[in-house]
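Q: I have a structure I would like to understand better, so I am pasting it below and will then ask my questions one at a time.
The values are calculated or read from the model by the stated rules, or taken from the named source; none is laboratory data. What you see is a predicted model, and the numbers here were worked out from it, not measured in a lab. Quick reminder, even Gly has a Cβ in these numbers, built from the backbone with ideal geometry, and neighbours come from all protein chains shown.
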Amino acid sequence: MRQSTWSRLTLRAVALLYLLVLLVVPIGIILYRSFEHGIVQFWEWITTPAAISALQLSLLIVAIVVPLNVVFGVFTAVALARGGRFRGRAFLEAVVDLPFAVSPVVAGVALIMLWGAGGWFGGIESLGFRVIFGLPGMVLATLFVTLPFIVREVEPVLEEIGEEQEEAAATLGATTWQTFSRITLPAIRWGLIYGVILTVARSLGEFGAVIMVSSGFPGISQTLTLLVHSRYIDDYNEFGAYAAATLLMLVAVLILILMNLLQRTRSRA
């Protein structure tokens with residue numbers, strides 16, 4: 001018993017120390033440096049035209065990427081969980097997991113090779129539609145790095161619940177959409193919500209792929225992560241970079257809180 005108690009305490013101490021070193025201390029330092037010159041100076045740093053534009057662009061990318069990933073992710077998860085052993089399944093599984101294995105920078109380079117001025121589809125710029133160094137390229141880069149999250153959260157849930165209820169609904173005359181909306185969707189909602197949370201967090205914090213396909217010009221194609229990099233590396237504005245990083249954290253936390261509140265409200269209804 002003493003040995004078991006000592007083991008539990010040791011494991012808790014190690015876990016707390018790990019979290020303290022890797023999470024609490026860095027965040028604490030960022031918050032301290034952000035407000036070191038007072039809240040007025042912090043407010044000035046996060047309300048510059050460049051910061052406001054970066055925030056708007058980051059939220060716009062999230063607003064585009066999340067719905068697309070929800071539709072594609074759920075569709076793909078259903079195909080993998082309900083499609084049986086169809087030809088090409090292994091290839092589809094590999095494609096879904098590809099962003100976990102490939103560096104985001106490599107993804108950005110691949111997008112440049114495809115959509116850049118000399119790329120395979122670069123001729124589209126002659127029609128006045130610019131992909132690389134514009135919003136479409138940044139959306140594509142973010143879509144690539146967030147591709148697996150919803151699929152990998154929803155697919156195990158579908159496999160766990162099985163097909164009995166869906167087959168019963170079909171036997172009673174329910175259409176495919178009725179079966180999905182009334183049986184499948186409520187069953188996968190927790191996996192879907194968790195996948196959406198991961199997608200939002202990754203979309204807001206993505207840097208490697210986005211910087212490759214963005215011009216980085218303030219007010220044009222500069223997200224919050226790129227603003228932090230620009231202030232810290234290019235402008236030598238250390239405190240401004242900390243302030244932008246804090247703003248990024250606050251936005252992510254607010255979005256997560258809002259999603260949890262909406263889910264609780266829906267569960268009570």
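Q: What are the residues in the stretch 1-47 that are polar (S, T, N, Q) and touching a residue at least 60 places away in the same chain (Cβ under 8 Å), if any?
A: SER34, GLN41
Q: Test SER4 against the criterion of being part of a helix (DSSP H, G or I) and either among the basic types (Lys, Arg) or in the same structural domain as VAL251 (by TED's automatic domain parsing) (or both), and give yes or no.
A: The answer is no for SER4.
Q: Just checking, does the stretch 79-86 include any residue being modelled with pLDDT of 90 or more and surrounded by 15 or more Cβ atoms within 10 Å (Cβ to Cβ)?
A: no
Q: Among the numbered criteria (1) within 15 Å of ALA241 (Cα to Cα); (2) not in a loop (DSSP other than H, G, I, E, B), which single criterion is violated by HIS37?
A: Looking at each condition in turn, HIS37 falls short on (2).
Q: Among the residues of the stretch 212-219, is there at least one that is part of a helix (DSSP H, G or I), touching a Leu at 6+ places or on another chain (Cβ under 9 Å), in contact (Cβ under 8 Å) with a residue 12 or more places away in the chain and closer than 20 Å to GLY108 by Cα?
A: yes
Q: Would you mind finding the one in VAL25, VAL78, VAL131 that is in a helix (DSSP H, G or I), of a type outside the set (Gly, Ala, Ser) and in the same structural domain as SER203 (by TED's automatic domain parsing)?
A: Being in a helix (DSSP H, G or I), of a type outside the set (Gly, Ala, Ser) and in the same structural domain as SER203 (by TED's automatic domain parsing) holds for just one of VAL25, VAL78, VAL131, which is VAL78.
Q: Out of curiosity, is THR142 closer than 16 Å to ILE211 by Cα, crowded, with 17+ Cβ neighbours inside 10 Å and among the β-branched types (Val, Ile, Thr)?
A: Details: closer than 16 Å to ILE211 by Cα: yes; crowded, with 17+ Cβ neighbours inside 10 Å: yes; among the β-branched types (Val, Ile, Thr): yes.
Taking the combined requirement at face value, the residue satisfies it.
Q: When you scan the stretch 89-99, do you find a residue that is in a helix (DSSP H, G or I) and in contact (Cβ under 8 Å) with a residue 60 or more places away in the chain, even just one?
A: no
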